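Working notes, structure below.
The values are calculated or read from the model by the stated rules, or taken from the named source; none is laboratory data. For clarity, every value in this text was computed on a predicted model and none was experimentally measured. Here the Cβ positions follow ideal geometry from the backbone for every residue, glycine too, while neighbour counts run over all protein chains shown. The protein model used for the area step is the full one, side chains on, heavy atoms only, and it has no ligands, DNA or RNA in it. Shrake-Rupley method; radii C 1.70, N 1.55, O 1.52, S 1.80 Å.
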Amino acid sequence: MYFVFPVLALYAVFFLWPGLSGVWYSFTDWSSHHEDVNFVGLRNYVQVFTSNSDYSRYIFNTVRFTLISNIVKIIPALFLALMLNQGMRGRNVYRAILYFPSALPYLVIGLMFRSIMHPGNGLLNKLLGAVGLGFLQQEWLANPSVVWGSVFAVDAWRGIGYVMTIFLAGLQAIPDELYESANIDGAGFWRKFFHVTIPMLIPSITINLTFGLAYGLKVFDVIYVLTNGGPGRETEVLGTSVFREFSNGNYALSSALNTLLFVFMAAAACFIVTRLNKKAVEL
Amino acid sequence: MKKTFALILGLALVLCASVWAGGNRQGTTGGAKSNVTLTWMVSQGWTWPGDEELIQKFKEKTGITIDLQVIPAAQHHDLVKARLSSGEGPDIFMVQTNEFLIKGATVDPEKYLLDMSAEPWLNVMPKSRLPAVSYNNKNYGFMLWHNSPEHLYVYNKTLFNELGITKAPETFAEMDAACQKILAAGITPIYEYVADGWHHQLPFFQIGPRYEQRNPGLYKGLNDNTIKFADVADFETVLNQINSFAQKGYYGRYYMSNTQAGQNEAMATRQAAIITFNSSVISQVRAEYPEFKDEMGICLIRFLDNNTFPSNPSGPAMFACAQTRYPNEVKEFFRFYTETANLQIKLDGTPEWTNADVTVPLQQHWTTEEEAFMAGITDGQKNIQAVLQTGTKYTNDQWMEFGADMASMFMGRMTAKEVLQATDERRANIARSQGDPAWR
């Protein structure tokens, strides 16, 4: 107990106290425009769900980003991991190439893709035009019908390598004997995939889903650098609106949005960990 | 004994080095140190070669380094406020400000801005600009901006003539007809850019005096909260007129993705016939594209048949953060920057400006187009009111938010009425949080 106490004290001072303070401030009128801080009950939460400022839509956008960004990363990453877990030549090079975007800062990625996706002189539209697919040219980051697709594509380009690495670690921990037994029983690829690989990968899936949910719910940087919440407010999410309200000096409202974010994250994480842990196979 | 001697020798060396370093400072005053780096945060589009030249000169003179941080326009104001609020404000920064905006733009002037009330350079600014950098009778910043007519339509007169448009449009209907002709010729009538977030809302606000002209007492009503934005039929009309330009293709195919960076090229290559900017952009286009020989003209924005001049004694101003570790060095830089010779360097090294609005004598570079345009403007057109964002409270505070709503309107996600209602809600929130009695 005595050994744990210093760490516990640090945790309480630097994590618990600021977190709980944030929750408390979400029930006040704290702002940059006046010195005193008064308790206002649920006023900030009421404003989040009733004002013209569309916070409800930002919450919906956040949930949408979380779900879709995980789907478009986890499924391809799983198959890439299966592919690169085979004894193919140059697999380490491919792994490095796929992982490389994860090492790039989002600021660099944002600037790069904003340039690539510019409708007038961007590489993407020029390429489409050059190969006779000019009809597919778009305002990738300014057309409300395609902007989310562009965001998911960039996010997947960056994140797939990381997710794949976790799957690879999980795949390498599956004993060969299980596949050999399945082979003797005459199981094909899909049968082995669903009855050996997936059950044995549950811990990796849990890790990826938990990380993915946490990342998706608090997403900020990829949106901020690519679209800044636009066009209009089309890609505004909770993370960018927290930043915007804080910048505008609306600290209490910003804290309320942040508290909501925390509640969503905690609920989602609890759900995933409890559900998937039950399905994990122990050796 | 040897140890004591070595210690004394060491201390003596350190002392000598300190004295030498101190003696090497050139031109620093007021306790400023030479070996420091100051951060200067500006929005993209607010800094020019003249600033870099001054930074270099300042370093040569004082040894103080200025780290210029240029932030994308769409993110600059949010970032400044976030950094100030978190106690991590840059030593020096620029923000768009006016008499009503200074509090909102800097979060809390008395808390976050370095008091400059005793500085000798305050009288370099014209008196009309002082309220924009002052709060509760204290002066905090330096506003150096040009005095060119801003923002109006700058158009390609040669192209207009070639297309049979023989005179600049004087009404909304004439503007609409001119745009139709230009579009029919395969040219974008107006180069508009939404992606920067700050520009496409200008036409709505710049014709503020026209609203006042048609609705006497409007500004007063908006400021004492007896009139709401959503109540003003003219506001809705103009938003719809602007939206109709976007929908008819007058802003071009990629106006939602366009940025200011493409503006001059669009003009010089005849991809567009009109840009909405300040009049001095003409000299900038000519300097960047010497092969461009077309004659240029200037006319007022014509939504709501506007014929009033956009008077606007506001603009970006330079402030220092009260939490800076180097207040003396920061003040040293402000003094250096505002010396007459250095203001001339700034003006000469700023291609977008033809003049600087200061009280000290500078060699200005007004263009013939500007002089001709201003000669045709009467006092009656100029003296009605300032532009809407400068003359009304809690309006410029939400500049980017209003722009985002207008973008939503262009995409069909919001109506003009909803844009105005959202503006009223934000005005009320800001006013209440500032304790404005008119909103209680």
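For the range B:70-94: of the residues being within 17 Å of the chain's Cα centre (by Cα) and modelled with pLDDT of 95 or more, which is farthest from residue A:231 (Cα to Cα)?
Our first condition is that a residue be within 17 Å of the chain's Cα centre (by Cα); within the range B:70-94, this holds for B:70-81, B:92-94.
Filter once more, keeping what is modelled with pLDDT of 95 or more: B:92-94.
Numbers: B:92: 31, B:93: 28, B:94: 26 Å.
Across the range B:70-94, the extreme among qualifying residues is B:92.
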Restricted to the range B:89-135, and to residues that are among the hydroxyl-bearing types (Ser, Thr, Tyr), more than 14 Å from chain A (Cβ to nearest Cβ) and touching a strand residue (DSSP E or B) at 6+ places or on another chain (Cβ under 8 Å), which residue is farthest from residue B:40 (Cα to Cα)? B:117
Condition first: open to solvent by less than 20 Å² (accessible area, probe 1.4 Å) and touching a Leu at 6+ places or on another chain (Cβ under 8 Å). Can you find one or more residues in the range B:417-436 that meet it? yes
Counting only helices (runs of 4 or more DSSP H) wholly inside the range A:50-132, the ones holding at least 3 residues that are more than 13 Å from chain B (Cβ to nearest Cβ) and either open to solvent by 80 Å² or more (accessible area, probe 1.4 Å) or modelled with pLDDT under 90 (or both) are A:55-84, A:91-99, A:123-130
For the range B:393-416: of the residues being facing another protein chain (nearest Cβ under 7 Å) and open to solvent by 10 Å² or more (accessible area, probe 1.4 Å), which is nearest to residue A:244 (Cα to Cα)? B:404
Of the numbered conditions (1) out of contact with any strand residue (DSSP E or B) (no Cβ under 6 Å at 6 or more places or on another chain); (2) more than 9 Å from chain A (Cβ to nearest Cβ), residue B:373 satisfies every one except a single condition; which is it? (1)
Can you tell me which residue among B:430, B:384 is modelled with pLDDT under 90, more than 9 Å from chain A (Cβ to nearest Cβ) and over 20 Å from residue A:143 (Cα atoms)? B:384
Residue count for the range A:156-166, restricted to those that are open to solvent by less than 40 Å² (accessible area, probe 1.4 Å) and in contact with a Phe, Trp or Tyr (Cβ under 7 Å, 6 or more places away or on another chain): 1
Can you name the residue in the range A:133-155 that is open to solvent by less than 10 Å² (accessible area, probe 1.4 Å) and either touching a Leu at 6+ places or on another chain (Cβ under 9 Å) or outside any loop (DSSP other than H, G, I, E, B) (or both) and is also nearest to the other protein chains (Cβ to nearest Cβ) among such residues? A:147
Just checking: which of the helices (runs of 4 or more DSSP H) contained wholly in the range A:167-283 hold 1 or more residues that are closer than 23 Å to residue A:68 by Cα and open to solvent by less than 60 Å² (accessible area, probe 1.4 Å)? A:198-217, A:221-226, A:238-247, A:251-279
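For the range B:211-256, how many residues meet the condition of being touching a Gly at 6+ places or on another chain (Cβ under 7 Å) and away from chain A (no Cβ under 14 Å)?
Total satisfying the criteria: 2.
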Going by what's in this entry, would residue B:254 be described as aromatic (Phe, Trp, Tyr), farther than 19 Å from residue B:172 by Cα and in contact with a helix residue (DSSP H, G or I) (Cβ under 6 Å, 6 or more places away or on another chain)? no
Taking into account only those residues within the range B:271-291 that are assigned to a loop (DSSP other than H, G, I, E, B) and surrounded by fewer than 17 Cβ atoms within 10 Å (Cβ to Cβ), which is nearest to the other protein chains (Cβ to nearest Cβ)? B:271
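Would you pick out the residues in the range A:89-135 that are of a type in the set (A, V, I, L, M, F, W, C) and closer than 20 Å to residue A:166 by Cβ?
Those that are of a type in the set (A, V, I, L, M, F, W, C) and closer than 20 Å to residue A:166 by Cβ: A:93, A:96, A:97, A:98, A:100, A:103, A:104.
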